[in-house]
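Have a look at the structure below before the remarks.
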Amino acid sequence: MAILDYFKRKKQIRARKIAPTVQRTYLAAEVNRLFADFKVTDSSADGEIKDALPRIRARSRDLARNNSYVKRYLGLLRKNIVGKKGIMYQSKAQNSDGTMDKAGNELVELAFKAWGRAGVCTVDGKMSFRDVQAMAVVNEARDGEVFIIKHYNDRFKDGVSLQFIDPDQVDHTLNIKTKNDNEIRMGVELDEFGRPVNYHVLVDHPGDAGFAGQTRSKKYNIIPADRMIHVFKAERPGQTRGVPSTAPVMNSIKQLDGFREAAIVAARVGASKMGFFTSGTGDGFNADEYEGETPMMHAESGTFTQLPQGVDFKAFDPNYPAGEFDSFNKTILKGIASGLEVGYASLANDLEATSYSSIRQGALDDRDHYTDQQEFFIDHLVRPIFECWLLSHLSFGGSAMPVSRFDKFAHASEFRGRAWSWVDPLKEMNAALAGLNGGALPLQDIAAQYGRDSEELLSQIQKDKALMESFGIDYKLEPYGVQKFPEMVEEDDDSDTKDDSEDGSSRELDRALITALEAVK
């Protein structure tokens with residue numbers, strides 16, 4: 001029996017030696033007093049969003065209304081993603097022989113530009129296509145998602161128009177199984193693959209109950225998915241609704257607001273130079289007024305008051321905020337800027353102690369972020385709207401081209417976001433020219449840095465030159481070398497009339513000008 005106990009003890013000792021190695025896997029998974037307040041969940045994306053979304057969205061909207069940094073953040077997105085002209089469309093369709101279909105491209109571009117004018121492209125007649133882009137960018141960041149219904153009707157120009165829907169109207173409390181085995185999650189009906197089929201939109205906004213004609217009864221408009229544009233950034237597989245991009249920094253922003261408010265109040269109190277009167281007997285002080293049983297005395301700047309015998313004055317003089325205010329405020333703001341994925345200098349409007357190199361590096365990081373956002377909105381907003389318009393435009397009969405050309409122009413569409421001026425334009429331009437001359441950069445890449453297309457750039461140079469020559473101005477700029485005139489065909493010596501050297505030179509110039517003008521046309 002003793003021998004068996006010996007082997008049992010050996011086994012237990014060995015187990016004790018192995019156990020710590022087996023248990024010590026990831027420190028992040030430790031359960032101890034240091035991680036006691038680290039609460040986690042294993043819910044799905046929709047499980048985490050379902051109950052939290054209304055409160056997160058409401059708080060994000062409150063910050064957008066009342067917090068200067070969130071307002072600045074939304075303004076940065078609007079200015080850098082959309083810009084003053086919006087995301088522009090250009091057609092690059094080609095003919096069957098590989099040449100550019102200039103006539104067709106121009107027709108489509110002009111028609112889309114006309115549809116995008118203010119008062120045309122939305123059902124309420126209040127917005128331009130640039131306004132649509134700006135509202136979508138801001139709403140996606142503040143509310144987490146954007147809903148736009150496509151309406152088809154012959155009362156609208158080109159037979160189509162857009163309508164924004166507040167995310168609150170897509171009922172997040174509607175979570176049921178349908179009769180055809182589809183699942184409705186937070187107002188979005190999904191098929192077996194998780195693809196949206198229908199959107200269940202409340203007829204009345206839940207916040208409009210106080211207005212005439214509005215009721216709290218839930219009535220829905222069921223919008224098919226092919227008529228709804230739903231823009232949001234999915235962070236996990238299976239995510240049905242979007243979350244505001246301000247969510248990760250809300251706590252920091254709220255705490256910073258509280259800190260700044262307390263510091264401002266403390267500074268006001270310190271500037272007021274308040275104090276207390278004391279006496280050995282507790283009396284002898286003649287007060288100006290009383291608050292309850294507490295005597296009060298008013299003091300004016302530059303005045304001195306003689307106190308009664310036995311009364312002393314003890315000043316209350318807080319010296320906060322002191323030097324730590326700026327450093328603490330800047331540290332918190334840097335974390336907020338990182339959470340919002342924008343530069344601290346841009347968010348805080350703080351260019352103190354910056355250099356050309358630091359500004360340039362920060363600008364490049366910001367622009368990488370904004371160009372990434374531009375591509376996201378091109379893919380999920382601008383291109384779907386354009387293709388919806390193009391199909392309706394060709395089908396509606398407002399175009400001279402048949403609907404069979406839809407694929408030709410839809411597949412050849414290009415969209416270009418805004419560009420930015422550089423911190424030091426001369427240095428950047430010299431670098432671009434060096435890259436072009438050395439063959440490291442194509443002309444298209446350089447033109448794109450300034451928000452243009454190489455074809456558009458060359459066409460504009462050609463137009464400028466022809467215009468100046470038509471006014472008799474000598475065009476001295478030759479950015480791509482001396483341009484040769486088209487080779488002229490010599491006339492036969494048997495011609496009845498011959499030009500002398502002066503007349504021949506004049507005719508050659510005339511022909512060159514005509515050729516240039518025809519090329520512009």
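The values are calculated or read from the model by the stated rules, or taken from the named source; none is laboratory data. Just so you know, these numbers come straight off a predicted model, no measurement behind them. Here the Cβ is made from the backbone with ideal geometry for all residues, glycine too, and neighbour counts use every protein chain on show. For the accessible areas, the whole protein counts, side chains as well, though only heavy atoms, and no ligand, DNA or RNA atoms are used. Shrake-Rupley method; radii C 1.70, N 1.55, O 1.52, S 1.80 Å.
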How compact and how long is region 63-141, expressed as Rg and Dmax of its alpha-carbon atoms in Å? 17.1, 59
Could you derive backbone 3J(HN,Hα) for region 119-129 from the dihedral phi with the Karplus parameters 6.51, -1.76 and 1.60 (θ = phi - 60°), listing whole Hz in sequence and x where the residue is Gly or Pro? x, 10, 7, 10, 5, 7, x, 10, 10, 9, 5
Using 7 Å Cα-to-Cβ label points, what is the Tyr152/Ala419 separation (nm, one decimal)? 3.9 nm
Would you mind computing, in nm to one decimal, how far apart the modelled labels at Ala36 and Tyr450 are, each placed 7 Å from Cα along Cα→Cβ? 6.4 nm
If you count only protein heavy atoms and use a 1.4 Å probe, how large is the accessible surface of Met127, to the nearest 10 Å²? 20 Å²
Can you list residues whose amide H is under 5 Å from Gln94's amide H, if they're 5+ apart or on another chain and H is modeled 1.01 Å from N? Asp101
What does the charge count around Val40 come to, taking other residues whose C-beta lies under 15 Å from its C-beta (Lys +1, Arg +1, Asp -1, Glu -1)? -2
Can you find, among Ser60, Leu74, Ser43, the residue farthest towards the positive end of the dipole of region 43-96? Put +1 on the C-beta of Lys and Arg, -1 on that of Asp and Glu. Leu74
Each residue of region 64-81 in turn: what ³J(HN,Hα) in whole Hz from Karplus with 6.51, -1.76, 1.60 and θ = phi - 60°, glycine and Pro shown as x? 5, 7, 10, 9, 5, 6, 5, 4, 5, 4, 5, x, 4, 4, 4, 6, 8, 8
In vacuum, with every alpha carbon of region 355-403 counted as one equal point scatterer, what does the Debye formula give for log10 I(q)/I(0) at q = 0.18, 0.19, 0.22, 0.24 Å⁻¹? Two decimals, please. -0.66, -0.69, -0.77, -0.82
Given Phe164, Phe193, Phe211, which one lies farthest toward the positive end of the charge dipole of region 155-229, if we put +1 on the Cβ of every Lys and Arg and -1 on the Cβ of every Asp and Glu? Phe211
Is the shape of region 156-229 rounded, prolate or oblate, going by the alpha carbon gyration tensor and its root eigenvalues a ≥ b ≥ c, with a/c under 1.5 for rounded and a/b larger than b/c for prolate? oblate
Which whole-number percent is the relative contact order of region 112-198 (Cα, under 8 Å, 6+ apart)? 17 percent
So what is the relative contact order for region 27-175, in percent, with contacts set as C-alpha pairs under 8 Å and at least six apart? 19 percent
Accessible surface, 1.4 Å probe, highest first, among residues Lys102, Lys50, Lys427: Lys102, Lys427, Lys50
At 1.4 Å probe size, put Trp115, Trp422 in order of accessible surface, largest to smallest. Trp422, Trp115
What list of ³J(HN,Hα) couplings, whole Hz, do you get for region 439-445 from phi and the Karplus terms 6.51, -1.76, 1.60, once you set θ to phi - 60° and write x for glycine and proline? x, 7, 10, x, 4, 4, 5
In a solvent-free Debye calculation with one equal scatterer on each Cα, what is log10 I(q)/I(0) for region 124-249 at q = 0.11, 0.19 Å⁻¹, listed in the order of the q values? -0.43, -1.21
Taking K and R as +1 and D and E as -1, what net charge do the other residues with C-beta under 11 Å from the C-beta of Phe377 add up to? -2
Charge context of Ile253, other residues only, Cβ under 12 angstrom, K/R +1, D/E -1: +3
Per the rule of 0.36 nm per residue minus the C-alpha distance, extending Arg227 to Asp312 adds in nm 22.7 nm
Given all pairs of different Cα atoms, what value in angstroms does the Kirkwood hydrodynamic radius of region 390-433 take? 13.8 Å
Sites Ala434 and Leu467, calculated FRET efficiency, Cβ-Cβ separation with R0 22 Å, nearest 0.05: 0.15
Solvent-accessible area of Ser43 with every protein chain in place, 1.4 Å probe, in Å² to the nearest 10: 40 Å²
